[in-house]
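Values in this text are rule-based calculations from the coordinates and carry no lab data. Predicted model, so just to flag it, every value in this text is computed and none were measured. Neighbour counts run over all protein chains shown; Cβ positions are idealised from the backbone, glycine included.
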Amino acid sequence: RVAYVNGQYRPHGQAVIHVEDRGFQFADGVYEVWSVFDGRLADFDGHMTRLHRSLNELRIDIPMTREALGRVLNETVRRNRVREGLVYLQVTRGTARRDHPFPPEGTAPSVVVTARSLPLSKGDASAKKGVAVITHPDIRWGRCDIKTVGLLPNVLAKQAAKERGAAEAWMVDEMGLVTEGSSTNAWIVDEHGKLRTRDAQANILQGITRAAVMALIADEGLELEERAFSVDEAKRAKEAFYTSASGFVMPATSIDGVKIGDGKPGPIATRLRALYLDRAMRDAI
Ligand code: PMP
């Protein structure tokens, strides 16, 4: 395996970042993840646009043009011989003596790209059975719309899920409303058959897969309400599922051990997964 680090492709085991990198010191950086189909990147533009937004919000310099970055992503995929899998990009504010304010002007951002294989069949097997979700308090900050590498609350939530035999943790605000998953956006088909997902303005990540699925919902003529749902509403829902670049559309068949619907992946989630995969594979570049 090889990784791209600041202009060079290095053997994965020797790909290193300086001890004074601000990503390491302060989690002062952002990231993106693309899924790879047949060696090509899915939802390329959506993730690239969100990357630029994250960098702008944090006033981190744009390290290189979109085109140049696209070439690095594709080259990293190629050099790792990934056909189906994931490509990861991280940009930090760079390396400078540890001090909280931004480093001197002209400090170059650090750029890292890695890629790994993940067979589609693995996610498909989970999607066929459905997965378990737990709920967990959302203890994050007020800018969850920025895709930063400061993921400690998400790590703790995902670990709690793992320790309870679940695949994902849905984080819950002080009002008892679900915000999002630790690394996914959360959805239900409510008691009335209406699709529900939290408003993207309400301190969550604007998922690229979420946006793609919203377009599919409109195409299918299904009803969608972008409004937060409570844990109780989720437990009474006909269906529950979550979306992300790595998991696509994943049906959840229990929440905190409570069976959702008949305990099997629901027809809407199953159909949206198939539609998403079709479209993502077709449009990958
Ligand atoms: N929410 C959070 C907190 C995430 O980390 C992710 C995945 N990075 C998502 C939602 C899903 O976003 P996307 O569909 O763009 O992968």
Env charge @ Gly181, Cβ radius under 15 Å, K,R +1 / D,E -1, value +3
Of all GluC sites (Glu not before Pro) in region 1-81, the ones in DSSP coil with at most 16 other Cβ atoms within 10 Å are Glu20
Within the under-9-Å Cβ sphere about Arg50, not counting Arg50, Lys/Arg +1 and Asp/Glu -1 give a net charge of +1
If unit charges are put on Cβ atoms (+1 for Lys and Arg, -1 for Asp and Glu) and the dipole of region 123-283 is taken about its Cα centre, the option from Thr243, Gln159, Trp141 lying farthest towards the positive end turns out to be Gln159
Listed by chain and number, the lysines with an alpha carbon less than 30 angstrom from that of Lys264, same-chain partners under 8 positions apart left out, are Lys122, Lys128, Lys129, Lys158, Lys162, Lys194, Lys235, Lys238
Contour minus Cα-Cα span, Ile285 to Arg10, at 0.36 nm per residue, comes to 96.6 nm
Trypsin sites (Lys or Arg not before Pro) in region 1-82 lying in a DSSP loop, each with at most 12 other Cβ atoms within 10 Å of its Cβ, come to Arg59, Arg81
Short to long, in 5 Å steps from zero, the percent of alpha-carbon pairs of region 123-283 per bin is 2, 10, 20, 25, 22, 14, 6, 1, 0
Computed over region 2-118, the Cα gyration tensor eigenvalues, each multiplied by 5 and square-rooted, give semi-axes in Å (largest first) of 25, 16, 11
Phi-derived 3J(HN,Hα) across region 75-80 with the Karplus relation (6.51, -1.76, 1.60, θ = phi - 60°), rounded Hz, x for Gly and Pro, is 5, 5, 4, 5, 5, 8
For the chain, the longest principal axis of the Cα atoms and the Cα long axis of helix 120-129 enclose an angle in degrees, to the nearest 10, of 30 degrees
Counting only DSSP loop positions in region 109-195, the chymotrypsin sites (Phe, Trp or Tyr not before Pro) whose Cβ has at most 10 other Cβ atoms within 10 Å are Trp141
Taking Cα pairs closer than 8 Å and at least 6 residues apart, the relative contact order of region 123-283 in percent is 26 percent
Expressed in Å to one decimal, the Kirkwood Rh of the chain from all distinct alpha-carbon pairs is 19.6 Å
Rounded to the nearest whole number, the Stokes-Einstein translational diffusion coefficient of region 59-197 at 37 °C and 0.692 mPa s (Kirkwood radius, C-alpha pairs) in µm²/s is 179 µm²/s
The chain: relative contact order from alpha carbon pairs under 8 Å, six or more residues apart, as a whole percent, is 19 percent
